[in-house]
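K.L.:
Could you have a look at this structure, given as structure tokens, before my questions?
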Amino acid sequence: MQRVVITGMGIYSVIGKNLTEVRESLYAGKSGVIFDPRRKEMGFRSALTGMVDRPQLKGVLDRRLRVGLPVHGEYAYISTLEALQNANIDQTFLDNREIGILFGNDSSAVPVVESVDILRQKKDTMMIGSGYIFQSMNSTISMNLSVIFRLKGINFTISGACASGSHAIGIGYLLIKQGLQDIIICGGAQEINAESTASFDALNAFSIRESEPAKASRPFDRDRDGLVPSGGAGTVILESYESAMRRGATIYGEVIGYGFSSNGEHISMPNVDGPVKAMQKALSDAGIRSHEIDYINAHATSTPAGDSNEAKSIDAVFGSSKPLVSSTKSMTGHEMWMGGASEVIYSTLMMNHSFVAPNINLENVDEFTAILNIATQTTPMEIRAFLSNSFGFGGTNSSLIIRKM
């Protein structure tokens, strides 16, 4: 069995367009949530969202490579560029080795909407153009990036709802652990647009605290009223320890545990037992005990039922040790398909800079969240190992454990 380490990271987030900006935002407890007037004009119940500028890739990436990229593919290209640079991997290295890609992604709404609009208006499929098919597939990220970076290893997309990015890292970890690949580019990407979240808004799942956007996402707070949709992209370079040592790579952390489960119940309502099983499996895979986890980056999205059930599940596994807990979604909103990957990056940045980011907007805990040891302010501390939770529709659960080396 191979040891699996993180040798590169890249991020394009609503709280920063690179690792430095993101680390500073995490430390400062800075929110990336805004009010989007267009959503209100379109008839949204909630116009709140995370927001990030669209990357300008003209002159950076050849047009024939840009044409198949949806906007969240552009986010993923930027985060992957940074991750490769962070890992000291250039195109020559990629060309001469078998390197894979696994990305978490579960939608690509705008290309679908736009191509159907063209068809309805023009009554001619030839007017749609060649790019939309590649932009609209769920596999659009791994498909495009594998071509752009000329990758020759494992290549597919993980679609696991809001656990997609986490499962991508987990599957990458298992493949490297088994000796089937030396290096895999793993990550998650989420589009930020009204079209992708309109049906989600119809579930009444979003916060309507529109007068105070930065205070709308409030995981674990008694007065939380729903999540805030968000997005961007995050990329981690997973590598076997032997490969990292051979090339003198910087190691940011070691992936030591991956746990997963399915709730087997309601399609959108989380339970307690499923997350408990995922966390227990991660601990068992890592070969450590609950008291050896110093920090938990909770999935907590700021929904009443979700936060309460996660609090109960964390207490069931970690009640005796009570590690520090925070949800970075309090700053970013819910990054959905991206979140499982970005939250590993956020937590790894904290681990390498010895602090825990605050769970902002937590003013009053309720009877369930009060049982947790929640960080309400930036807390300097040595993190030896952390656990990151990601849960999704359909009851899919993923827990990852990363330790410092």
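K.L.:
What net charge is computed for the residues neighbouring Ala305, neighbours being all others with C-beta under 13 Å from the C-beta of Ala305, Lys and Arg scored +1, Asp and Glu -1?
P.N.:
-3
K.L.:
Take every Cα-Cα distance within the range 243-363, group them into 5 Å bins from 0 onward, and report for each bin the whole-number percent of pairs it holds.
P.N.:
Pairs per bin, as whole percents: 2, 10, 18, 23, 23, 14, 6, 3, 2, 0.
K.L.:
Quick one: Cα centre-to-centre distance for the range 195-265 and the range 283-354, in angstrom?
P.N.:
Answer, in whole Å: 10.
K.L.:
Given the pairs Lys152/Lys312; Lys152/Lys277; Lys40/Lys329; Lys17/Lys123; Lys58/Lys122, which span a C-alpha to C-alpha distance of over 32 angstrom in this model?
P.N.:
Result: Lys152/Lys312; Lys152/Lys277; Lys17/Lys123 exceed 32 Å.
K.L.:
What does the charge add up to near Glu382, with Lys and Arg as +1, Asp and Glu as -1, over the other residues with Cβ less than 14 Å from its Cβ?
P.N.:
Result for the local shell: +1.
K.L.:
Hey, any idea what Rg/Rh is for the range 4-246, computing Rh the Kirkwood way over Cα pairs?
P.N.:
Across the range 4-246, the Cα-based Rg/Rh ratio is 0.99.
K.L.:
Next question, about the same structure. Over all Cα pairs of the range 34-78, how is the pair count split among 10 Å bins, expressed in % and running from 0 up to the last occupied bin?
P.N.:
24, 35, 28, 13
K.L.:
What's the FRET efficiency of Val365 with Glu114 using the Cβ-Cβ distance as r and R₀ = 35 Å, to the nearest 0.05? If you can, show how the numbers build up before the last one.
P.N.:
Values: r = 44 Å, r/R0 = 1.26.
So, using R0 = 35 Å, E works out to roughly 0.20.
K.L.:
Could you give the nm distance between label points at Asn373 and Arg289, where each point is 7 Å from its Cα heading toward the beta carbon?
P.N.:
1.5 nm
K.L.:
Restricting the count to DSSP beta bridges whose residues both fall in the range 4-246, what percent are antiparallel, rounded to a multiple of 5?
P.N.:
Here the share of antiparallel DSSP bridges comes out near 60 percent.
K.L.:
Tell me, what is the FRET efficiency for Asp90 and Ile133 to the nearest 0.05, using R0 = 30 angstrom and their Cβ-Cβ distance as r?
P.N.:
Details: r = 31 Å, r/R0 = 1.03.
Efficiency, from the Cβ-Cβ distance: 0.45.
K.L.:
Now for a different question. Estimate the FRET efficiency between Asp124 and Asn352 by the formula 1/(1 + (r/R0)^6), using the beta-carbon distance for r and 60 Å for R0, to the nearest 0.05.
P.N.:
Numbers: r = 54 Å, r/R0 = 0.90.
Using R0 = 60 Å, I get an efficiency of 0.65.
K.L.:
Separate question: Take the Cα atoms of the range 21-150, find their three principal axes, and give me the spread along each one in whole Å, biggest first.
P.N.:
That works out to 47, 46, 27 Å along the principal axes.
K.L.:
Can you list the DSSP H helices in the chain whose Cα atoms extend at least 18 Å along the helix axis and whose mean Kyte-Doolittle hydropathy is -0.5 or higher?
P.N.:
Numbers: long enough: 71-86 (23 Å, -0.11); 109-122 (20 Å, 0.40); 164-177 (19 Å, 0.84); 273-286 (20 Å, -0.41); 304-318 (21 Å, -0.31); 339-353 (21 Å, 0.23).
Once both thresholds are applied, what remains is 71-86, 109-122, 164-177, 273-286, 304-318, 339-353.
K.L.:
Considering only the chain, what is the antiparallel percent among its DSSP beta bridges, to the nearest 5?
P.N.:
Expressed as a percentage, antiparallel bridges in the chain total about 65.
K.L.:
Could you give the length gained by full extension between Leu174 and Glu265, i.e. 0.36 nm per residue of separation minus their alpha carbon distance, to one decimal place? Intermediate results must be reported in sequence, preceding the final value.
P.N.:
Details: separation 91, 0.36 × 91 = 32.76 nm, distance 2.69 nm.
So the chain would gain 30.1 nm between Leu174 and Glu265.
K.L.:
Please enumerate, by chain and number, the aspartates and glutamates with C-alpha under 17 Å from the C-alpha of Lys177, excluding those fewer than 8 residues away in the same chain.
P.N.:
Glu98, Glu239, Glu242, Glu254, Asp285
Bear in mind that the values in this text are calculations on the coordinates, not laboratory data. What you see is a predicted model; the values in this text were computed from it and never measured. A quick note on method: Cβ atoms are made from the backbone with ideal geometry, for glycine too, and the neighbour counts reach across all protein chains shown.
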